[in-house]
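Below you'll find the structure I mean.
The numbers here are math on the coordinates, done by the rules we state, and not lab data. Here the structure is a predicted model, which is why all the values come from computation and not from measurement. Neighbour counts are summed over all protein chains in view; Cβ atoms, including those assigned to glycine, are modelled from backbone coordinates with ideal geometry.
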C-alpha cells in the first residue's frame, strides 16, 4: 500500500488557551459538518475535538479540529493521506476513525484494490507526532482478520485493561452482507486469538435492501458496555441498532450480549432526518455524552445512494433513562 503521506502544515496547535466558556461549548447547529458520512469525533486530552469522516470522493483521509463541536464546520480540513493510483487501498476509502493509543495516533479505514474495487479490507495508518494534522503518517498495512473477505468499519476500545477491535465482515458460510465481530488486540494494528461473531442481521429492520450490521461504536456507562451499530441499506432505511453486555461479563462470549429488538435511532420525518447511522460518541467538557452520526435531510435520492454526497454529520446529546440505558434522538 503506497499512498501519499503528508507532513502537512496545519493551524497552530494552541494548547495553552483553555476551551471557551461552558455556554458556547454546549452550543452547535446541525449539521455540524456537511457532506461527511461516517463521522468520527475524538475529544483529546488537549481539549480539542478532532473530526474525520468519509469524503464524497472516497479518495483521501482528512482531519480537522476545533475547540467546540459547533466550530468544526468552519475548521480547515487537512488531508493527511491520499490513496495510491493502484494496488491495495486505492479505491473506496471509507469510514476513517482516529484513535490515540500508547502515545501515538492511529487511523483505521477501509479500502478496495485497483484490480478488485469491492475487495474492501481494513487498513491502518500511524503517526508518532503529537499533532496528527501535521503528521507525518506512515502506512502500517492491512489489519488481518480471521477471514479474507469484505471487511470494514473497524473501531477499538479498552475495557478492564484489555484492548478490543470490533468490525463488520462478510462470512460466506452464513450469507448476508456483513455481521459484527470482536477480538482482542495485541498491537494497535493486529488482533490476537479467535474472533467471535456478536451480531448478524436478523430483524426486518436490519435487512432492508442489504443484510447489514456495520459501523460499530462503543460507550461504557452505568455498568454496561453499549455497542451501537448500523443496519440495512444506506438510504432512508439506514438505522441504528444496539447491543449491550454487563461490564463484568466476558465480552468475547456471544451469550454475554443482548440485542435490542427494535432500532434505537431511525428516520424521523418530523425532524427531517433520513437514514441516521454510522455513529461515534464524544463528550462535552462537563462530561455529558454526545452522539455523532450521519443522515440526509431529504428522503428521495437520485441515483446510487452510496454515491450521494449529502450524508451530513450531526450531533445530539445522549439521554440516560432511569434504568441506565441510553436514549438517542435526532
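For region 174-323, calculate the relative contact order in percent as a whole number, restricting contacts to Cα pairs under 8 Å that are 6 or more residues apart.
Relative contact order of region 174-323: 16 percent.
Using Cβ contacts closer than 10 Å as the measure, can you line up 246, 310 from fewest to most?
The fewest-first ordering by Cβ neighbours comes to 246, 310.
Between residue 43 and residue 174, how many nm apart are label points set 7 Å from Cα along the C-beta direction?
With each label point 7 Å from Cα toward Cβ, the separation is 3.4 nm.
Further question on the same structure: Using Cα-Cα distances under 8 Å and only pairs 6 or more residues apart, what relative contact order does region 116-180 have, in percent?
Taking the mean separation of contacting Cα pairs over the length of region 116-180, I get 25 percent.
Oh, and also: Rounded to the nearest 0.05, what FRET efficiency do residue 100 and residue 197 give with R0 = 25 Å and r taken as the Cβ-Cβ distance? Could you check?
Values: r = 28 Å, r/R0 = 1.14.
The pair residue 100/residue 197 has a calculated efficiency of 0.30.
Specify which labelled value, from [x] 18.5, 54; [y] 18.9, 61; [z] 19.8, 69, agrees with Rg and Dmax of the Cα atoms in Å derived from the coordinates of the model shown.
Among [x] 18.5, 54; [y] 18.9, 61; [z] 19.8, 69, the one calculated here is [x].
Follow-up. So if the hydrodynamic radius of region 25-88 is defined as the Kirkwood radius over C-alpha pairs, what does Stokes-Einstein give as its diffusion coefficient at 25 °C and 0.890 mPa s, in µm² per second?
195
Here is a follow-up. What is the distance, in nm, between label points placed 7 Å from the Cα along the Cα-to-Cβ direction at residue 327 and at residue 250?
Taking the simple label geometry, residue 327 and residue 250 are separated by 3.6 nm.
Please work out the Cα center distance from region 62-92 to region 219-261, rounded to the nearest Å.
Cα centroid of region 62-92 versus Cα centroid of region 219-261: 28 Å apart.
Could you order peptides 230-243, 135-148 by the average number of other Cβ atoms within 10 Å of their residues, highest first?
230-243, 135-148
PRE reach from residue 297 (point 7 Å along Cα→Cβ): which of region 28-63 fall under 18 Å by backbone N?
Counting backbone N atoms under 18 Å from the label point, the list is 28-39, 56.
Something else: Describe numerically, in nm with one decimal, the distance between label points set 7 Å from Cα along Cα→Cβ at residue 288 and at residue 317.
With each label placed 7 Å out from Cα toward Cβ, I get 0.2 nm.
Under 8 Å for C-alpha pairs, at least 6 residues apart: give me the relative contact order for region 54-201, rounded to a whole percent.
Contact order relative to length: 14 percent.
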